[in-house]
Amino acid sequence: MGRAFYLCCGFLSLGAGAIGAFLPLLPTVPFMILAAFCFARSSPALEARLLEHRHFGPHIRNWRERGAISRRGKKAALAAFAFSAVLGLAFSPLPWCLIPLAAALIGGTWIWTRPEA
C-alpha cells in the first residue's frame, strides 16, 4: 500500500481520536495508536510528534513496547463496553441484544488480560 494511503488513514485516525476526546463512548487512545502506526509508514515526522505528545506518547510507547494498557484505560474501556451492552439489552429485541453483550464480554476479556502500563 502506498504512502499516501497510510497518510490519509493516519489523519482519519487522528480526527476520530480528536472526536473521541469529546464523545464519551468513542475511544481516543486506540485511534492515536492507529494514527502512529499509519504515520510510521508515511510520515516519520508526524509519528515522532505523536510519540512525543505528553498525553498520547506514553500510551503509544507502552502499547508498542509491551502491548500494555493503563489501568485507567482498561477501566474506561470496560465501562464503555458495559454501557453499550446495557443499552443493547434494554433497546434491542432477542437475539440481537446478545450481540453487544457478546462483544463486551469478548473485547472486555481481551482488554483486561493485556499487561498493565
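The values are calculated or read from the model by the stated rules, or taken from the named source; none is laboratory data. Note that the structure is predicted; figures quoted are calculated from it, not measured. In this analysis, Cβ positions are derived from the backbone assuming ideal geometry, glycine residues included, and neighbour counts consider all displayed protein chains.
Worth a mention:
- Qualifying residue in segment 5-16 (condition: of a type in the set (Gly, Ala, Ser), closer than 23 Å to residue 100 by Cα and at pLDDT below 95): yes
- For segment 21-63, the set of residues classified as out of contact with any helix residue (DSSP H, G or I) (no Cβ under 6 Å at 6 or more places or on another chain) and either more than 21 Å from residue 5 (Cβ to Cβ) or of a type in the set (Val, Ile, Thr) (or both) consists of 21, 22, 23, 24, 52, 53, 54, 55, 58, 61, 62, listed by residue number.
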